[in-house]
Each structure stands twice: as structure tokens, then as C-alpha cells.
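**Student:** The structure is given below, and queries will be raised subsequently.
The values are calculated or read from the model by the stated rules, or taken from the named source; none is laboratory data. This one's a predicted model, so the numbers in the text were calculated from it and none came from an experiment. Here the Cβ positions follow ideal geometry from the backbone for every residue, glycine too, while neighbour counts run over all protein chains shown. The accessibility values were calculated without ligands, DNA or RNA, using every heavy atom of the protein model including side chains. Shrake-Rupley method; radii C 1.70, N 1.55, O 1.52, S 1.80 Å.
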Amino acid sequence: MKYEQIALQADYHAATQQYVSEIYGEQVSQQLPGVSDTVWQSILMGMPEQLCWISVLSDHRLPLPIGENT
């Protein structure tokens with residue numbers, strides 16, 4: 001799931017969880033549901049994806065994602 005596509009989905013909650021799972025891993029998606037909430041709030045505020053990651057870092061202390069999806 002691409003960050004820009006989340007808001008276009010009928011089930012934004014599932015789309016946000018899928019995004020978090022792909023970017024941060026399935027374990028984060030399941031054990032830290034607040035990360036999905038932070039991502040959705042970032043989308044609602046019109047933040048670019050990189051600023052969303054910084055919000056996740058500051059709110060949940062997760063490292064910035066590094067990998068093939070970023």
C-alpha cells in the first residue's frame with residue numbers, strides 16, 4: 001500500500017494497517033495499533049510521508065523505516 005493511496009481506500013483503517021505492516025512490519029501493526037492512528041492523523045493533516053515517519057518516531061519511538069519500500 002502506498003502512503004498516497006490510503007485516503008482513497010473505502011476502508012482506510014485496513015489500508016492504514018496494511019501500510020504500517022509493509023513499512024514497519026507485521027509485529028508493529030499488531031502490537032502497536034497507535035501507529036496506524038498516527039499515520040491516519042498524518043494523512044488527515046496533509047503531511048508528506050517523510051513527516052509522517054517523523055511523527056511515528058516522536059510518538060512511538062520507532063526508527064525511521066529503511067528498506068526497499070522507502
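**Student:** Which one of Val28, Ala15, Ile54 has its Cα pushed farthest toward the positive end of the charge dipole of the chain, where Lys and Arg give +1 and Asp and Glu give -1 at the Cβ?
**Tutor:** Ile54
**Student:** Let me have the relative contact order for the stretch 4-70, percent, based on Cα pairs under 8 Å that are six or more residues apart.
**Tutor:** The normalised contact order for the stretch 4-70 reaches 24 percent.
**Student:** Just in the chain: which GluC sites (Glu not before Pro) are loop by DSSP and have at most 11 other Cβ atoms within 10 Å?
**Tutor:** In loop regions of the chain (DSSP not H, G, I, E or B), the sparsely surrounded GluC sites (Glu not before Pro) are Glu68.
**Student:** Per residue, what volume in Å³ does the convex hull of the Cα atoms of the stretch 26-67 enclose?
**Tutor:** Value for the stretch 26-67: 68 Å³ per residue.
**Student:** With a 1.4 Å probe and all protein chains left in place, how much accessible area per residue does the chain have, in Å²?
**Tutor:** Counting only protein heavy atoms, the per-residue value for the chain is 64 Å².
**Student:** Give me the orientation-averaged projected area of the Cα convex hull of the chain, in nm², one decimal.
**Tutor:** 4.0 nm²
**Student:** Probe radius 1.4 Å, ligands and nucleic acids ignored: give me the carbon and sulfur share of the accessible area of the chain as a rounded percent.
**Tutor:** It is 52 percent, rounded to a whole number.
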